[in-house]
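The values are calculated or read from the model by the stated rules, or taken from the named source; none is laboratory data. Remember, it's a predicted structure, so these values are computed and weren't measured experimentally. Because the Cβ atoms are built from the backbone with ideal geometry, glycine has one as well, and the counts that use them run over all protein chains shown.
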Amino acid sequence: MAFSYSEKVMDHFANPRNVGEIADADGVGEVGNSKCGDIMKMYLKIEGNTIVDVKFKTFGCGAAIATSSMATELIKGKTIDDALKLTNKAVMEALDGLPPVKVHCSVLAEQAIKSALSDYYTRQGIDPTPIVGDIGDHCDHCDHCE
Ligand code: FES
């Protein structure tokens, strides 16, 4: 299928930021898209209320890699509250948009952050559901993955 990516998407796909793992992470989240099989793993280092470091690993398509890269840039150094407010739409806007068939890939990035924050709260003995909300463990926003 022919569609074009913005320069920012191509840049974050070719040179993804914050790739890797954090060995002593305070929260780790993993989400997957059941239709395409892509998986995203997110590691957070949290001090006080601030996300001081974030790394990710994405086994997936170029749009999933670019959105996770941009998402990590958008939450690094920010508060947990800011990270919880980050939507896939904001990540897409920061990337100057995504082709419609790739919008669902950005959902994975939002879910991965929420999943990592859920893990963080669970480790603190706090029920994450009222804070983080329903993450969903798969992308069911569209039928575009094959
Ligand atoms: Fe599966 Fe992009 S996340 S095709």
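Couple of notes before you dig in:
- Residue match in the range 134-142 (condition: touching a His at 6+ places or on another chain (Cβ under 7 Å) and either surrounded by 21 or more Cβ atoms within 10 Å (Cβ to Cβ) or not in a loop (DSSP other than H, G, I, E, B) (or both)): yes
- With respect to being within 11 Å of the ligand (Cβ to nearest atom), over 18 Å from residue 101 (Cβ atoms) and crowded, with 16+ Cβ neighbours inside 10 Å, residue 31 fits the description.
- Yes/no for residue 44 being touching a residue at least 40 places away in the same chain (Cβ under 8 Å), surrounded by 15 or more Cβ atoms within 10 Å (Cβ to Cβ) and within 13 Å of the ligand (Cβ to nearest atom): no
- Of all residues assigned to the range 6-14, none qualifies as being within 22 Å of residue 120 (Cβ to Cβ) and either at pLDDT 95 or above or crowded, with 17+ Cβ neighbours inside 10 Å (or both).
- Meets criteria (modelled with pLDDT of 95 or more and either outside any helix (DSSP H, G or I) or of a type in the set (Ser, Thr, Tyr) (or both)) for residue 37: no
- Residues being in a helix (DSSP H, G or I), among the hydrophobic types (A, V, I, L, M, F, W, C) and buried (at least 23 other Cβ atoms within 10 Å of the Cβ) - total across the range 93-131: 8
- None of 31, 52 is more than 11 Å from the chain's Cα centre (by Cα) and in a strand (DSSP E or B) except 52.
- Qualifying residue in the range 86-107 (condition: more than 13 Å from the ligand (Cβ to nearest atom), under 14 Å from the mean Cα position of the chain (by Cα) and over 22 Å from residue 19 (Cβ atoms)): yes
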